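The structure under discussion appears below in the form of structure tokens.
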Amino acid sequence: GGLKLEKYKIAVIPGDGIGTEVIAEGVKVLEKIAHIDGSFAFSFDYFPWGCEYYCKTGKVMDDDGLERLSKFDAIYLGAVGAPNVPDHISLRDLLIKIRQGFDQYVNLRPVKLLAGAPCPIKNINREDINMVVIRENSEGEYAGAGDWLYKGKEQEVVLQTSVFSRKGTERIIRYAYELARHENKTITSISKGNALNYSMVFWDEVFSEVGKEYPDVKQYTYLVDAAAMFFVKDPARFQVVVTSNLFGDILTDLGAAIAGGMGLAAGANINPEKKYPSMFEPIHGSAPDIAGKGIANPMASIWSAAQMLEFFGKKEWSNKIIRAIEKVLTEKTVLTADFGGKASTKAVGEEIIRQLSLLC
Ligand code: ATP
Ligand code: MG
């Protein structure tokens, strides 16, 4: 019989504010690619969850949300947040619920300075900023463990406890080693063993232990304070970076800043075992200040669509998307306001698709 068409079922959660605007462009890019390639197809099912939904229904996501999402191959998320809804509610009831419910313990963020992208570091060689940060996404400093030891002003003492399990630490470090080996790159563990004398000493031990199974991978360790400095002073040192939840959170924002800013920063929340769907999202928020105007930069969300394709084993397509974004960045004729242009979200989306077609 003829060729079998691969089908990927995508759950789309556009969310709030510019989330809805940038996700629309990413979906168009994915549709275009499936059309050009012809060997696979996407179906997109939309879920209206987020803060606007919360204001109407009292829920950020339906109670059976996870169960419904579990039927999909991937989740494509815009951004969730609104000025009138406390961040901790939208985070807890949607983002964290999905990350934890689907055991998306890998947070993967490319920190790569694309051709034509602005960089605040002077005299940088573009190729010097090209790393992947693997952030532990399920426990560590964000485990939510803690207590109020004493209440009442003068003697108040509050504890916030980090939780590093053998399983949780080993699996994230192993994921990073596998990636480094597969891509023939160096690995750098970023921790703080000199000050966090239980958690980070343990982390360092696991990194070196697992490292014995990867003698072919060049291994480095940095203290987080030094690493933050070198992200700016000499980012070429880093290729695959593995770090804890809190350190990863901070370092990836720094990473976004050196690699073109919020309009370009993409992220993936991955369940490597593929027991549950993984989630792909631009890392920026709903940006209420520019929402509804059609001027948000869709590049971050389109790059996260590229990450989705790579996750599906379509690295060539992922590379093509990135090259198309680079074309648009270097030609500088169709850019949104954050990059000094006057173009709309839609116009940039269309221009990326046009460049993509030229590459095929
Ligand atoms: P949230 O509360 O959902 O996190 P936010 O306003 O904090 O939303 P951030 O992602 O933190 O959003 O972004 C901060 C600012 O950066 C935004 O207010 C916006 O001005 C700008 N920004 C973020 N993403 C984009 C984008 N894709 N295009 C253009 N500007 C953006
Ligand atoms: Mg924010």
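The values are calculated or read from the model by the stated rules, or taken from the named source; none is laboratory data. This structure is a prediction, so every number in the text was calculated from the model and none was measured. Note that we place each Cβ from the backbone using ideal geometry, even for glycine, and neighbour counts take in every protein chain shown.
Miscellaneous remarks
- Within region 62-80, the set of residues being surrounded by 20 or more Cβ atoms within 10 Å (Cβ to Cβ), within 19 Å of residue 90 (Cβ to Cβ) and of a type outside the set (Phe, Trp, Tyr) comprises 65, 69, 75, 77, 78, 79, 80.
- The numbered conditions (1) touching a helix residue (DSSP H, G or I) at 6+ places or on another chain (Cβ under 9 Å); (2) within 23 Å of residue 8 (Cα to Cα); (3) outside any helix (DSSP H, G or I) are all true for residue 71 except (1).
- Matching entry among 142, 175 (being within 19 Å of the chain's Cα centre (by Cα), within 19 Å of residue 104 (Cα to Cα), assigned to a helix (DSSP H, G or I) and among the hydroxyl-bearing types (Ser, Thr, Tyr)): 175
- Among residues of region 118-132, those that are within 16 Å of ligand 1 (Cβ to nearest atom) and in contact with a Ser or Thr (Cβ under 9 Å, 6 or more places away or on another chain), counted: 0
- Matching residues in region 124-164 - criterion: being under 27 Å from residue 187 (Cα atoms) and charged (D, E, K, R): 126, 127, 128, 135, 136, 139, 141
- Considering residues of region 64-92 that are in contact with a strand residue (DSSP E or B) (Cβ under 9 Å, 6 or more places away or on another chain) and more than 16 Å from ligand 1 (Cβ to nearest atom) only, the residue nearest to residue 289 (Cα to Cα): 75
- Any chance residue 282 is out of contact with any Lys or Arg (no Cβ under 9 Å at 6 or more places or on another chain) and within 16 Å of ligand 1 (Cβ to nearest atom): yes
Let's see how each residue does on (1) away from ligand 2 (no atom under 16 Å from the Cβ); (2) over 21 Å from the mean Cα position of the chain (by Cα); (3) under 25 Å from residue 142 (Cβ atoms):
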site: 26; (1), (2), (3): yes, no, no
site: 57; (1), (2), (3): yes, yes, no
site: 64; (1), (2), (3): yes, yes, no
site: 74; (1), (2), (3): yes, no, yes
site: 79; (1), (2), (3): no, no, yes
site: 92; (1), (2), (3): no, no, yes
site: 95; (1), (2), (3): no, no, yes
site: 100; (1), (2), (3): yes, no, yes
site: 104; (1), (2), (3): yes, no, yes
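- Of the candidates 283, 270, 290, the single residue that is modelled with pLDDT of 95 or more, within 16 Å of ligand 2 (Cβ to nearest atom) and either more than 20 Å from residue 356 (Cβ to Cβ) or not β-branched (Val, Ile, Thr) (or both) is 290.
- Number of the condition not met by residue 287 [criteria: (1) surrounded by fewer than 16 Cβ atoms within 10 Å (Cβ to Cβ); (2) on the phi > 0 side of the Ramachandran plot]: (1)
- Residue-level check: of (1) free of Cβ contacts under 8 Å to residues at least 60 places away in the same chain; (2) closer than 18 Å to residue 142 by Cα; (3) touching an Asp or Glu at 6+ places or on another chain (Cβ under 7 Å), residue 221 misses just (2).
- Looking only at residues in region 293-302 that are in contact (Cβ under 8 Å) with a residue 24 or more places away in the chain and more than 16 Å from ligand 2 (Cβ to nearest atom), the one that is farthest from residue 12 (Cα to Cα) is 295.
- Test: residue in region 74-86 that is part of a loop (DSSP other than H, G, I, E, B) and hydroxyl-bearing (Ser, Thr, Tyr): no
- If you go through region 104-130 and keep only what is in contact with a helix residue (DSSP H, G or I) (Cβ under 7 Å, 6 or more places away or on another chain), closer than 21 Å to residue 301 by Cβ and not in a loop (DSSP other than H, G, I, E, B), you end up with 106, 107, 109, 111.
- Selected residue (criterion: farthest from residue 128 (Cα to Cα)) from residues of region 173-201 that are surrounded by 18 or more Cβ atoms within 10 Å (Cβ to Cβ) and of a type in the set (Phe, Trp, Tyr): 175
- Output for region 319-333, where each listed residue is farther than 15 Å from residue 264 by Cα and crowded, with 17+ Cβ neighbours inside 10 Å: 320
- Residue match in region 202-212 (condition: assigned to a helix (DSSP H, G or I), β-branched (Val, Ile, Thr) and surrounded by 15 or more Cβ atoms within 10 Å (Cβ to Cβ)): yes
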